[in-house]
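**Student:** Take this structure first; my questions come after.
Just so it is clear, none of the values below were taken in a lab; they were calculated from the coordinates. What you see is a predicted model, and the numbers here were worked out from it, not measured in a lab. With ideal geometry, Cβ positions are generated from the backbone for all residues, glycine too; neighbour counts draw on all protein chains shown.
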Amino acid sequence: MANIHIPKPWERISPKATEEKIYQDRRQILKQLGLIGAGSLLLPTTLSACMNPKDGQSSQMAAPDQQAPDFHFEGEENFYPAKRNERYTLDRPLTEEYTATHYNNFYEFISPKDRNIYNAYKYVGKFDTSDWQIEIAGHVEKKGKMHLGDIIKEMGTEERTYRFRCVERWSMAVPWTGFSLAKFIQYLQPTDKAKYIKFTSFASAKQMPGVANQDWYPWPYYEGLRMDEAMNEVALLATGIYGKPLPKQNGAPVRLVVPWKYGYKNIKSIVKMEFVSKQPQTFWNTIAPSEYPFVSNVNPAKPHPRWSQAQERMIPDGEPRPTLPFNGYGEFVASLYK
């Protein structure tokens, strides 16, 4: 990682951020037109979202970078868009949809022809997210493989707007759709021996060029949380974004969202949750333990070994902002770390 130059998102020309009211108005218009519930939302978030910032063409015409989700189940359209949970508010506008779905790093989709990790959306075409299952293992009563569709039907969905902070100092604001991780854990009934959860991502050399061509990494990607962190109300298992199912490059069909931690803790494309008694190893901590600790809370007072974390830059414009302790979620999570 240290030897790869990563162009920062704010170095590129991109559309402006979407104001909260515009996004809400769009949701209402779609409902009135009867387009919600058809399983496909085709209208752009704003006029600028219609334009590909790379070539000025319509993003709907530029089909190769608009990968439709493979994952489907009967009645899926009833879960998107979900009712917004107003308990979680923002101090900034939502990031424009095109930006949020085109500037994200997903090392499994790094192409040998293109080392830019923010171009993951170009290389997800072979990724099959249909018939998705999550294996539940370890110190828990309900073990075995569960179909994601059945889980969503059991848990339901809601929308939450969260800040997102990358360890590389860029940030965004995103409307996630999903369900409470704590609620799912309670449903699974872990035993008293469960002190941590280890999450594992999907990995396939046939479907993911980064896995095939970066065999020095310890695939599959794996992450972990303490049980008290996982049971915090803010932790979310996300299955959608901007009122639609997750795009593949954003971690389809299900990912973790823990917004008080740096982005690499928010593991994508989860295929296994294991309830364990001892602190599990994590992917980046295994590779560079001095740079990526297990807890990895957003902390402006604790610099990364190679850069300060005191400020962040909002994508796409590069607007500088002071980094908030716990990314602004201290009222919910600070008590976990006293």
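**Student:** In the neighborhood of G178, defined by Cβ-to-Cβ distances under 9 Å, what is the net charge if each Lys or Arg adds +1 and each Asp or Glu adds -1?
**Tutor:** 0
**Student:** Please compute the Cα-Cα pair-distance distribution of region 59-159 with 10 Å bins starting at 0, giving whole percents from short to long.
**Tutor:** Pairs per bin, as whole percents: 12, 28, 37, 22, 2.
**Student:** Let me ask something additional. How far apart, in nm, are two points set 7 Å out from the Cα along the Cα-to-Cβ line at R115 and at V295?
**Tutor:** That separation, rounded to one decimal, is 3.5 nm.
**Student:** Could you pull the Rg and Dmax for region 180-338, using just the Cα atoms, both in Å?
**Tutor:** Both quantities, over Cα of region 180-338: 16.3, 47 Å.
**Student:** What is the sum of charges around Q309, taking Lys and Arg as +1, Asp and Glu as -1, for the other residues whose C-beta is under 11 Å from the C-beta of Q309?
**Tutor:** Its environment carries a net charge of +2.
**Student:** Relative to the present Cα-Cα distance, how much length would full extension add between Q133 and K83 at 0.36 nm per residue of separation?
**Tutor:** In short, 15.5 nm is gained.
**Student:** Let me ask another. I need the Debye-formula profile for region 170-237: one equal scatterer per C-alpha, no solvent, reported as log10 I(q)/I(0) at q = 0.13, 0.18, 0.24, 0.26 1/Å, two decimals.
**Tutor:** Results for region 170-237 at q = 0.13, 0.18, 0.24, 0.26 Å⁻¹ read -0.56, -0.88, -1.01, -1.07.
**Student:** For region 214-306, which semi-axes, largest first and in whole Å, follow from the square roots of 5 times the eigenvalues of its Cα gyration tensor?
**Tutor:** Details: eigenvalues 92, 56, 46 Å².
Ellipsoid half-lengths, sorted descending, are 21, 17, 15 Å.
**Student:** Need the C-alpha centroid separation for region 121-151 versus region 322-338, integer Å.
**Tutor:** If you average the Cα positions of each part, the centres end up 30 Å apart.
**Student:** Rg over Rh of region 90-234, using C-alpha atoms and the Kirkwood radius, what does it come to?
**Tutor:** Reported Rg/Rh, Kirkwood definition of Rh: 0.98.
**Student:** In addition: Could you list, in their original order, any pairs among K265/K338; K126/K195; K248/K272 whose Cα atoms are separated by more than 29 Å?
**Tutor:** The answer is K126/K195.
**Student:** Tell me, what HN-Hα J-couplings in whole Hz come from the Karplus equation 6.51 cos²θ - 1.76 cosθ + 1.60 at θ = phi - 60° for each residue of region 264-271, using x for Gly and Pro?
**Tutor:** 5, 6, 8, 4, 9, 6, 6, 10
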